[in-house]
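Engineer: So that we are looking at the same thing, I have put the structure below in structure tokens.
Laboratory data are not the source of any read-out in this text; all were calculated from the coordinates shown. This structure is a prediction, so every number in the text was calculated from the model and none was measured. Quick reminder, even Gly has a Cβ in these numbers, built from the backbone with ideal geometry, and neighbours come from all protein chains shown.
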Amino acid sequence: MYSINPTKTKSWKALIAHAETSKGLHLRDLLKEKNRFESMHIKVDDLLIFDFAKHRIDETTLKLLEDLFDECKVQESLEKQFSGVPINRTENRSVLHTALRDPSTDPLIIDGKDIREISKIELHRMYDFAESIRVGKIRGHTGKIFKNVVNIGIGGSDLGPHMAVEALKPFSNRNLKFHFVSNVDGSDLHECLLQIDPEESLFIIASKTFTTQETMANAQVAQSWLIQKLGVHDCIEKHFVAISSNSKKVLQFGIKKENTFGFWDWVGGRYSLWSTIGMSLCISIGSDNYQKFLNGAHFIDNHVKEKPFRENIAKIMAALGIWYRNFMNATTHAVLPYDQNLNRFPAYLQQADMESNGKSTDRNGVVVNYSTGPIIWGEPGTNGQHAFYQLIHQGTELIPADFIASVAPQHPLYAHHSKLLSNYLAQTEALAVGKPIATSPHKEFQGNQPTSTLLFDRMNPFSLGALIALYEHKIFFQGVVWNIYSFDQWGVELGKDMAKTILPEIEGDDSEHIHDSSTKGLINHIRVLSNKTDNN
Ligand code: F6P
């Protein structure tokens with residue numbers, strides 16, 4: 001990968017100067033410009049319209065951001081990613097989740113293997129298995145049809161499938177109930193087990209490494225629970241499947257080879273929804289719909305590869321994010337789906353974005369002197385309107401936001417949908433133009449809060465695939481400009497290691513460990529209280 005300090009580019013310096021002169025711009029005035037909407041929206045066939053007219057930008061801003069992308073070699077980096085160059089340098093891995101959704105059969109050789117061939121074989125195994133569950137061909141130990149699917153996984157092995165199963169509920173097999181257990185807080189698994197009949201429950205243990213503490217703890221308890229309920233050890237064969245790149249650990253755990261679905265090092269955890277990690281989604285919506293989901297993402301892969309900057313949605317999204325983060329000091333970015341079924345989308349994006357671009361060391365190993373990834377947050381509209389929108393409208397923060405919705409509803413309550421869409425549009429308009437004159441200063445709205453509008457024709461497997469892929473590429477483009485490695489996640493390791501040291505101490509081990517005074521005090525407090533509870 002290239003290593004270009006963005007602050008040393010001509011365009012970065014020009015953007016700093018341009019940001020100074022742009023301070024006086026107000027969206028109320030910008031939106032009066034002739035042809036503003038015409039020149040600042042991108043329409044993609046019958047899929048979506050992306051409106052970026054409600055941003056504090058003008059033609060100069062866009063030109064300079066485009067220059068920045070050129071100077072930072074964004075397009076060249078994208079080509080390297082697609083061709084399999086190991087751009088995840090700190091782990092020495094290629095980044096090829098895009099290959100999973102590419103129908104091409106042209107060989108793409110990584111570590112001596114044609115990854116197109118091996119991934120298609122594995123995906124087809126998943127399709128067969130998912131269909132067999134859906135039609136009741138594969139059944140539980142006592143011959144009963146599965147009615148519950150429990151996905152046990154965390155991070156990328158949970159957030160993606162969970163979000164997508166929710167988002168595509170209208171396409172799901174309603175005879176099946178889906179449960180997602182991720183947390184090592186025992187309540188998560190305990191509450192799930194209370195709801196399900198062991199004879200009718202399939203457990204999917206989803207973990208790339210098959211070593212993650214939370215997932216392994218939950219999988220082991222689920223396994224013991226099932227054996228105890230069904231009375232025989234053999235039941236595991238019928239009720240447990242594994243999704244992992246670590247086949248050795250899966251075998252040790254006791255899940256047979258036929259029930260193990262693989263994926264590979266060149267698929268990052270938070271980008272793994274396109275692999276067999278999508279098993280729960282595939283069971284829910286069926287393999288035909290699952291393939292449409294992959295097609296939607298592949299469609300966007302071609303869009304981002306082929307379209308010039310001004311017609312490229314992911315590049316514009318990325319560029320706008322950089323504009324606000326680096327030149328206007330925005331610290332957060334809100335993602336606001338006006339789609340209840342997308343209620344897990346902000347949580348999913350938090351991992352995708354913050355685990356990718358929450359870095360402060362550049363590709364040369366040098367600490368950066370500019371801001372990188374913002375805090376991503378959000379909730380579905382209209383719920384958010386009755387909670388945190390007050391701060392966006394009248395607070396002191398600049399908060400760029402993405403408003404996501406579909407013209408067609410996913411339900412038959414049409415009057416509700418008109419109300420939803422009127423709120424969706426009203427909020428972006430109110431945020432942009434505000435209300436500068438009112439009967440009291442407390443009732444004034446400054447406006448000038450920037451928003452992007454992503455309006456799909458309808459939400460379905462294809463459009464969900466497209467939506468996710470747009471954000472994946474946005475994240476990648478930003479990581480390239482910020483000169484960071486977007487595909488590793490070393491920042492999650494330290495806390496994991498420390499928890500391993502603290503665990504035996506909490507459980508009563510008396511050996512001396514070095515901790516800061518606060519942590520030591522809290523460990524002692526827990527030990528004292530736990531002893532009291534044990535003695536009562
Ligand atoms: O939180 C760190 C992380 O490594 C994520 O990147 C990953 O998605 C998650 O843990 C789960 O990992 P695994 O799939 O190996 O259990």
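Engineer: If you scale each eigenvalue of the Cα gyration tensor by 5 and take the root, what three semi-axes come out for region 400-446, rounded to whole angstrom and sorted largest first?
Structural biologist: 29, 12, 6
Engineer: For region 130-192, compute Rg over Rh where Rg is the Cα radius of gyration and Rh is the Kirkwood radius from the inverse mean 1/r over Cα pairs.
Structural biologist: 1.00
Engineer: How do Asp288, Asp58, Asp353, Asp106 line up, fewest other C-beta atoms within 10 Å first?
Structural biologist: Neighbour counts put them in this order, fewest first: Asp106, Asp288, Asp58, Asp353.
Engineer: Out of all DSSP beta bridges in the chain, what portion is antiparallel? Express it as a percent rounded to 5.
Structural biologist: 30
Engineer: Sticking with this structure for a sec: Listed here are the pairs Lys113/Lys257; Lys500/Lys532; Lys120/Lys307; Lys137/Lys257; Lys10/Lys435; Lys120/Lys305; which of them are more than 30 Å apart at the Cα?
Structural biologist: Where the Cα-Cα span goes over 30 Å, the pairs concerned are Lys10/Lys435.
Engineer: Can I ask one more? Full-extension gain between Asp111 and Ser360, please, as 0.36 nm times their residue separation minus the C-alpha to C-alpha distance.
Structural biologist: 86.6 nm
Engineer: In what order do Cys235, Cys282 fall by count of nearby beta-carbon atoms within 10 Å, going from fewest to most?
Structural biologist: So the residues, fewest neighbours to most, are Cys235, Cys282.
Engineer: Further, regarding this structure: How far is the Cα center of region 13-62 from the Cα center of region 267-328, in Å?
Structural biologist: 23
Engineer: Stokes-Einstein at 37 °C, 0.692 mPa s, Kirkwood radius from Cα pairs: D for the chain in µm² s⁻¹?
Structural biologist: 131
Engineer: Report the trypsin sites (Lys or Arg not before Pro) located in region 19-82 that are in a DSSP loop and have at most 11 other Cβ atoms inside 10 Å of their Cβ, or state none.
Structural biologist: Lys23, Lys32, Lys34
Engineer: Please compute the volume of the convex hull spanned by the alpha-carbon atoms of region 1-157 and report it per residue in Å³.
Structural biologist: 232
Engineer: Separate question: Counting only the backbone N, which residues of region 1-33 are under 17 Å from the spot 7 Å out from the Cα of Gln446 toward its beta-carbon?
Structural biologist: Label zone hits: 20-30.
Engineer: Give the shape of region 238-295 as rounded, prolate or oblate, defined through the alpha-carbon gyration tensor: a ≥ b ≥ c are the square roots of its eigenvalues, a/c under 1.5 means rounded, and otherwise the shape is prolate if a/b is larger than b/c and oblate if not.
Structural biologist: It comes out oblate by the Cα gyration axes.
Engineer: Also, I was wondering about something else. Rounded to whole Hz and in sequence order, give me ³J(HN,Hα) for region 471-480 from the Karplus expression 6.51 cos²θ - 1.76 cosθ + 1.60, θ = phi - 60°, writing x for Gly and Pro.
Structural biologist: Whole-Hz 3J(HN,Hα) from phi for region 471-480: 5, 4, 6, 4, 4, 4, 4, 5, x, 5.
Engineer: While we're looking at this one, here's another question. How compact and how long is region 284-331, expressed as Rg and Dmax of its alpha-carbon atoms in Å?
Structural biologist: Both quantities, over Cα of region 284-331: 15.5, 45 Å.
Engineer: Under 1.5 on a/c is rounded, so check that first for region 278-396, then, if it is not, pick prolate when a/b is larger than b/c and oblate when it is not; a ≥ b ≥ c are the square roots of the alpha carbon gyration tensor eigenvalues.
Structural biologist: oblate
Engineer: Still on this structure, I have one more. For the chain, what is the mean residue ellipticity at 222 nm derived from helices alone (per DSSP H run of n ≥ 4: -39500 (n - 2.57); sum divided by total residues; nearest 500 deg cm²/dmol)?
Structural biologist: -13500 deg cm²/dmol
Engineer: Considering amide H positions built from the backbone, and no H for Pro or chain starts, which residues 5 or more places from Gln446, or on another chain, come under 5 Å of its amide H?
Structural biologist: Lys435
Engineer: Taking Cα pairs under 8 Å and at least six residues apart, what relative contact order does the chain come out at, in percent?
Structural biologist: Computed value for the chain: 19 percent relative contact order.
Engineer: I need the fraction of alpha carbon pairs in region 332-451 separated by more than 26 Å, rounded to a whole percent.
Structural biologist: Value for region 332-451 (Cα pairs over 26 Å): 33 percent.
Engineer: Further question on the same structure: In whole angstrom, how far apart do the alpha carbon centroids of region 410-484 and region 119-173 sit?
Structural biologist: 31
Engineer: Might you report the magnitude of the Cβ-based charge dipole of the chain about its Cα centre, with Lys and Arg at +1 and Asp and Glu at -1, to the nearest 20 debye?
Structural biologist: 680
Engineer: Name the GluC sites (Glu not before Pro) in region 378-478 that are in a loop by DSSP and that have at most 14 other C-beta atoms within 10 Å, would you?
Structural biologist: Counting only loop positions with at most 14 other Cβ atoms within 10 Å, the GluC sites (Glu not before Pro) in region 378-478 are Glu397, Glu444.
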